[in-house]
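These notes are about the structure you will find just below.
The values are calculated or read from the model by the stated rules, or taken from the named source; none is laboratory data. No experiment lies behind these values; they were computed from the predicted model shown. Positions of Cβ are generated from backbone atoms using ideal geometry, with glycine treated the same way; all protein chains shown enter the neighbour counts.
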Amino acid sequence: MNKGKKIISMSLAASMLLSSAAGFAIPQDTVIIGQKVFLLDDLENDSLKDEINEAIMSAEDIYYSISGITNEQFVDIEDGLVISDSKKKNLGELNLVKEKDLEIRFDNVDDEKGTALVSTREDIESLFNDKLVDKIELKKEIDLGEESLEITKLVDIDLNGKKLRGNLVIKTEEKGKIKIEGAGENAEGGIEGKITMDAENAEVELDTKVSEIEAKKPFKLITKKDAKIEKVDEKSKEKIEAKDEKGENVDIDKIIDKKEEKPEPKPKPNPEPYIPPTPSNHVPNAKDQIIET
């Protein structure tokens, strides 16, 4: 039996168990095919057929884990043996395929939370609240449009050197820290828009450029080396407790990156009009001195 048929057989055999099994992050109820991870429920998903077949063709090893069967371990599909710690380590980063071109990256097989790799506003809306996700990373520049995007969970944002255009509203009662980072090597990444903080229990670690921050409720702001803010209104300044990486208090006005207004260029003077030579002001040159004989 080839690997593809084995995977389908395994999926069918486990389907009844999965219908009542509690949800787990990696490593439960998934199959690892090379560096790709698929939920067992998705193995017969027609929209992922090409992704699965491509992964099977290039994979050397395939492992699966099923709630209630594999005792929270990954098992080799060929010999039925539990994957060793050394093989787990060799797997490295793994990408869980949610939809075509929409994946969650895990640093290793035992990670319970991963990074959503997003390309559109819809991707962010689809994945920021996923129980498997604790970070959002931009694959390319994203324009959120005119309507603000509301995020109701403390999730890190890695701009990955890209620009996020539009306004974000972070509104949650969760307690904890979020990182907004990823300016990139040349500090080209940043948020070209306003972040409205409506999260009183949050601590925000900022390490990139932001056009504006508005504070609806008091919150803590930790500023790192690439942190730049162009605008903070006076009411918001009173609600932001700003500190540096060492925990020292920071004057919020010193963080604000005020753009210098460039003076308007002075108009160039109009050139004097050209006046052709006339007999009265014409100075003869050498040629004029030659007299034909």
Practice task
Residues being under 14 Å from residue 228 (Cβ atoms), charged (D, E, K, R) and at pLDDT 65 or above: count how many of those fall in region 247-265.
Solution key: 3
Completion exercise
Being assigned to a helix (DSSP H, G or I), under 17 Å from residue 95 (Cα atoms), among the charged types (D, E, K, R) and touching a helix residue (DSSP H, G or I) at 6+ places or on another chain (Cβ under 9 Å) narrows 50, 41 down to just 41
Handout entry: Options 115, 120, 70: the member that is at negative phi, of a type in the set (S, T, N, Q), buried (at least 17 other Cβ atoms within 10 Å of the Cβ) and at pLDDT 95 or above
Key = 115
Exercise for the section: Examine region 93-108 for a residue that is more than 29 Å from residue 206 (Cα to Cα) and either small (Gly, Ala, Ser) or outside any strand (DSSP E or B) (or both), and state whether such a residue exists. Expected result: yes
Completion exercise
Scanning region 175-227 residue by residue, those part of a loop (DSSP other than H, G, I, E, B) and either crowded, with 19+ Cβ neighbours inside 10 Å or small (Gly, Ala, Ser) (or both) turn out to be 182, 183, 184, 187, 189, 199, 207, 208, 227
Handout entry: Residue list for region 66-100, restricted to those being closer than 25 Å to residue 135 by Cα, without any contact (Cβ under 8 Å) to a residue 40 or more places away in the chain and in contact with a Leu (Cβ under 9 Å, 6 or more places away or on another chain)
Key = 98
Practice task
Could you check residue 172 against (1) more than 19 Å from residue 206 (Cβ to Cβ); (2) surrounded by fewer than 21 Cβ atoms within 10 Å (Cβ to Cβ); (3) touching a Ser or Thr at 6+ places or on another chain (Cβ under 9 Å) and say which number it fails?
Solution key: (1)
Exercise for the section: Just give me the residues in region 135-158 being surrounded by fewer than 19 Cβ atoms within 10 Å (Cβ to Cβ), free of Cβ contacts under 8 Å to residues at least 24 places away in the same chain and assigned to a strand (DSSP E or B), in sequence order. Expected result: 143, 150
Exercise for the section: Would you mind stating whether residue 11 is surrounded by 15 or more Cβ atoms within 10 Å (Cβ to Cβ), at pLDDT below 85 and outside any loop (DSSP other than H, G, I, E, B)? Expected result: yes
